[in-house]
1. Is at least one residue of the range 167-181 within 16 Å of the ligand (Cβ to nearest atom) and among the aromatic types (Phe, Trp, Tyr)?
2. Quick test for you: out of Ser7, Ser49, pick the one residue that is under 30 Å from Asp175 (Cβ atoms) and modelled with pLDDT of 95 or more.
3. Here's a check for you: in the range 15-39, which residue that is within 16 Å of the ligand (Cβ to nearest atom) and of a type in the set (A, V, I, L, M, F, W, C) is farthest from Gly160 (Cα to Cα)?
4. Test Leu68 against the stated conditions and say whether it is within 16 Å of the ligand (Cβ to nearest atom), surrounded by fewer than 19 Cβ atoms within 10 Å (Cβ to Cβ) and part of a helix (DSSP H, G or I).
5. Does any residue of the range 70-77 turn out to be farther than 21 Å from Glu180 by Cβ and hydrophobic (A, V, I, L, M, F, W, C)?
6. Starting from the range 92-118, take each residue that is acidic (Asp, Glu) and list its partners that are within 11 Å of the ligand (Cβ to nearest atom) and part of a strand (DSSP E or B), counting only C-beta distances under 6 angstrom and pairs at least six apart or across chains.
7. With the structure loaded, tell me whether Ala135 is in the same structural domain as Ala38 (by TED's automatic domain parsing) and either more than 16 Å from the ligand (Cβ to nearest atom) or surrounded by fewer than 16 Cβ atoms within 10 Å (Cβ to Cβ) (or both) or whether it fails that test.
8. Please go through the range 139-148 and pick out each residue that is in contact with an Asp or Glu (Cβ under 9 Å, 6 or more places away or on another chain) and either away from the ligand (no atom under 11 Å from the Cβ) or not assigned by TED's automatic domain parsing to the domain that holds Asp97 (or both).
Amino acid sequence: MMLVIDSVLSAAEVAAMREAAQTLTFDDGKLTAGRFAATVKANDQAAASPQRDAILAKVNAALAASTLFRSAARPRALTPLILSRYRQGQTYGLHVDDAMMGGLRTDLSFTLFLADPESYDGGALIIEDPFEARAIKLNAGDLILYPSTTLHRVEPVTRGERLAVVGWVQSLIRDEAQREMLFDLDQAVDAVFAESGKSPLFDKLAKTRSNLLRMWAE
Ligand code: NI
């Protein structure tokens with residue numbers, strides 16, 4: 001399942017992060033690419049510093065606070081986040097993300113866009129499947145969550161600067177279809193509660209969701 005989550009960060013939060021990012025030092029993004037991905041990766045990423053860590057901590061807090069993110073990803077753990085920057089001519093060619101990062105299995109990848117889409121050209125995230133290549137370029141503060149199993153790339157930036165935070169999730173639910181069923185059940189449970197409160201139907205649905213999670217979680 002692929003999901004866009006709007007407004008993970010507010011406009012004010014994004015503006016503050018963009019300003020803070022101006023003061024950071026950036027390293028070559030090849031440092032965190034796998035052997036093959038490094039051959040097609042040409043971007044920069046923020047070097048470790050207290051200022052960078054403050055930005056990433058705010059993003060982590062926003063993800064933890066997002067009901068939709070938690071419902072869609074069922075995170076067991078997140079990899080350390082990366083603040084990435086693409087300037088004119090920079091790109092990340094077609095690749096698949098490493099299956100394991102720092103001892104975590106990468107089930108889901110995400111990109112949180114920080115730059116205003118009008119402020120740069122190119123830089124869309126392209127996710128390929130056997131039928132089509134989808135181009136994703138979101139408003140600042142919005143996030144795309146997608147399976148780490150996909151081939152994807154970032155189009156060359158031809159003007160301006162694309163700033164984003166990327167990261168990976170090891171999910172409690174390894175299987176994508178099971179994860180989607182739990183996501184759908186979350187919506188159903190919420191809808192039933194909104195309509196008729198804690199009814200017998202709500203109890204049955206909530207019990208089923210809970211027991212499926214118990215059955216599948218690892
Ligand atoms: Ni990738």
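1. yes
2. That would be Ser7, the only listed residue that is under 30 Å from Asp175 (Cβ atoms) and modelled with pLDDT of 95 or more.
3. That would be Phe36.
4. no
5. Among the residues of the range 70-77, not one is farther than 21 Å from Glu180 by Cβ and hydrophobic (A, V, I, L, M, F, W, C), which makes the answer no.
6. Asp97/Ser109
7. Yes, satisfied.
8. Result: Asn139, Ala140, Gly141, Asp142, Leu143, Pro147.
The values are calculated or read from the model by the stated rules, or taken from the named source; none is laboratory data. Computed from a predicted model, the values in this text were never measured in an experiment. Glycine also receives a Cβ, built like all others from the backbone with ideal geometry; neighbour counts cover every protein chain displayed.
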